[in-house]
1. Where does the chain land on the Kirkwood hydrodynamic radius, alpha-carbon pairs, in angstrom?
2. Pick out, from Val302, Gly146, Leu286, the residue whose Cα sits farthest towards the positive end of the charge dipole of the chain, with +1 on the Cβ of Lys and Arg and -1 on the Cβ of Asp and Glu.
3. Strictly over 29 Å apart at the Cα level, which of Lys87/Lys352; Lys40/Lys217; Lys15/Lys506; Lys51/Lys236; Lys82/Lys167 would you flag in this model?
4. Modelled label-to-label distance, Ala517 and Ala24, 7 Å Cα→beta-carbon offset: nm?
5. Please rank Trp103, Trp384, fewest neighbouring Cβ atoms within 10 Å first, as an exposure proxy.
6. Would you please put 309-315, 196-202 in order of how densely packed they are, using the mean number of other Cβ atoms within 10 angstrom per residue and starting with the highest?
7. How do Tyr134, Tyr48 rank when sorted from fewest to most other Cβ atoms within 10 Å of their own Cβ?
8. What does the charge dipole of the range 51-207 about its Cα centre add up to, to the nearest 20 debye, if the Cβ of each Lys and Arg holds +1 and the Cβ of each Asp and Glu holds -1?
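Derivation of every value follows stated rules applied to the coordinates shown; laboratory data play no part. Since this is a predicted model, take the numbers as computed values, not measurements. Backbone-built Cβ (ideal geometry, glycine too); neighbour counts: all protein chains shown.
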Amino acid sequence: MTQYQDDIKAVAGLKEKQGSSWNAINPEYAARMRAQNKFKTGLDIARYTAKIMRADMAAYDADPSKYTQSLGCWHGFIGQQKMISIKKHFNSTDRRYLYLSGWMVAALRSEFGPLPDQSMHEKTSVSALIRELYTFLRQADARELGGLFRELDAAKDAAAKAAIQHKIDNHVTHVVPIIADIDAGFGNAEATYLLAKQFIEAGACCIQIENQVSDEKQCGHQDGKVTVPHEDFLAKIRAIRYAFLELGVDDGIIVSRTDSLGAGLTKQIAVTNTPGDLGDQYNSFLDCDEISADALGNGDVVIKREGKLLRPKRLPSNLFQFRAGTGEARCVLDCITSLQNGADLLWIETEKPHIGQIGAMVNEIRKVIPNAKLVYNNSPSFNWTLNFRQQAYDAMKAAGKDVSAYERGQLMSAEYDQSELAIAADEKIRTFQADAAREAGIFHHLITLPTYHTAALSTDNLAKEYFGDQGMLGYVAGVQRKEIRQGIACVKHQNMSGSDIGDDHKEYFSGEAALKAAGKDNTMNQF
């Protein structure tokens with residue numbers, strides 16, 4: 001017997017116990033509502049999706065072609081439509097997640113208005129978005145199942161009913177893991193713990209945290225990034241783990257992000273007790289001048305290392321700078337340290353999408369942690385076309401091919417679009433995720449801000465046509481006609497917003513007296 005049939009039987013038993021006062025309750029309607037509300041709380045979702053991610057991580061360890069992907073989203077509707085599209089095109093949500101970007105929350109959801117990615121937005125707006133995303137994903141389940149229930153009621157024979165019942169019993173939920181960005185933790189470790197609890201209670205099974213100073217946090221692709229000593233960062237990783245454990249999400253996932261590759265500054269000199277300890281290793285990257293005690297100036301800060309007095313270079317901002325060229329070594333140390341102290345996955349923020357660069361760091365990490373895995377930002381901050389055309393140019397030149405027809409600094413130009421170089425570069429972009437999963441240990445590929453850009457692009461195209469000579473045809477030809485022909489469910493926007501679900505409930509509650517919206521005069525019937 002299926003869960004659906006079990007629920008019908010269970011409610012029928014309850015109805016019998018309650019006697020005549022429950023005569024109007026239809027056990028099958030109640031079972032349908034239960035099926036449409038599979039996940040009762042955010043913690044149900046977090047536990048369910050954590051198991052999915054853990055299984056996917058194990059599958060990737062066995063076969064690197066089984067990498068995972070996600071797209072960033074800034075509204076519940078956007079996340080919902082992604083998963084509806086994925087189910088439509090691939091009939092499965094396997095290895096496909098959602099990403100919640102702190103950048104997009106800051107830019108699009110702050111009550112202060114659009115903000116840069118500097119942790120100035122309301123920190124609770126991130127957990128609110130997690131909750132909103134899962135509300136929309138659960139509604140997508142309810143909508144899809146509601147349609148199947150209507151088909152079941154309309155089926156004329158046993159075979160048709162059995163086929164529809166099979167779809168109901170094997171329904172694939174739209175609820176998938178969300179990798180949620182907690183920035184640098186929005187304060188000290190206690191603040192990180194409290195916010196992580198809100199994330200998890202909203203449904204997050206995976207939290208990403210970065211090693212920047214919380215009150216100096218910058219976007220990973222901007223200048224001026226400042227990191228913290230390892231012990232400060234590890235305290236926040238432990239805080240997140242305790243939050244997962246407290247709430248009973250025992251297999252919650254922590255992504256440790258290092259911004260050290262592009263961060264040349266630190267706010268603190270690490271505490272060190274013995275040569276070679278973690279604090280000493282952090283300090284070893286500082287840019288210092290060797291001095292004598294006699295040369296000390298007013299307010300100078302000095303450290304003693306290997307019997308020498310060293311004065312770290314301190315900026316007017318009271319920040320200390322690292323030696324140039326140490327970024328990759330610091331990234332490797334960050335990653336090893338995080339995995340040895342409770343993190344599950346790594347994120348190395350890079351300045352360009354280059355498999356060789358990423359793979360070299362991963363190889364060093366895997367000498368210590370053989371199954372180290374990365375989450376990687378396939379960022380819109382990179383000029384993918386120019387980067388890969390330049391990589392193709394360099395490869396052709398190294399192979400002794402004639403590159404005189406190309407100007408390396410101008411390779412973005414459309415005049416090169418059909419060239420041998422551009423075609424080779426595009427093929428490398430197409431296979432980048434599979435290649436990087438195989439060669440650079442990348443388990444999860446995401447695009448942080450895709451819908452920020454698609455919304456701007458589609459709005460620009462619509463505005464140009466609608467307010468120009470095309471008028472209403474700009475909308476009809478550019479949007480609605482494409483929706484209809486591509487089978488975009490949202491063309492029936494009343495249905496997508498829950499109108500039919502509401503009609504079903506009206507019938508459950510009021511029977512023949514129900515005033516429904518989906519009658520013959522509903523213009524949605526034109527679709």
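1. Working: mean 1/r = 0.0379 Å⁻¹.
Value: 26.4 Å, from the Cα pair sum.
2. Of the listed residues, the answer is Gly146.
3. Over 29 Å Cα-Cα: Lys87/Lys352; Lys40/Lys217.
4. Placing both labels 7 Å beyond Cα along the Cβ direction yields 2.3 nm.
5. Details: Trp103 25, Trp384 17.
The most exposed by this proxy come first: Trp384, Trp103.
6. Details: 309-315: 15.4, 196-202: 23.6.
In descending order of packing, they fall as 196-202, 309-315.
7. Details: Tyr134 27, Tyr48 18.
Going from sparsest to densest Cβ surroundings: Tyr48, Tyr134.
8. Working: 18 positive and 18 negative charges, 98 e Å.
So the dipole magnitude of the range 51-207 works out to roughly 480 debye.
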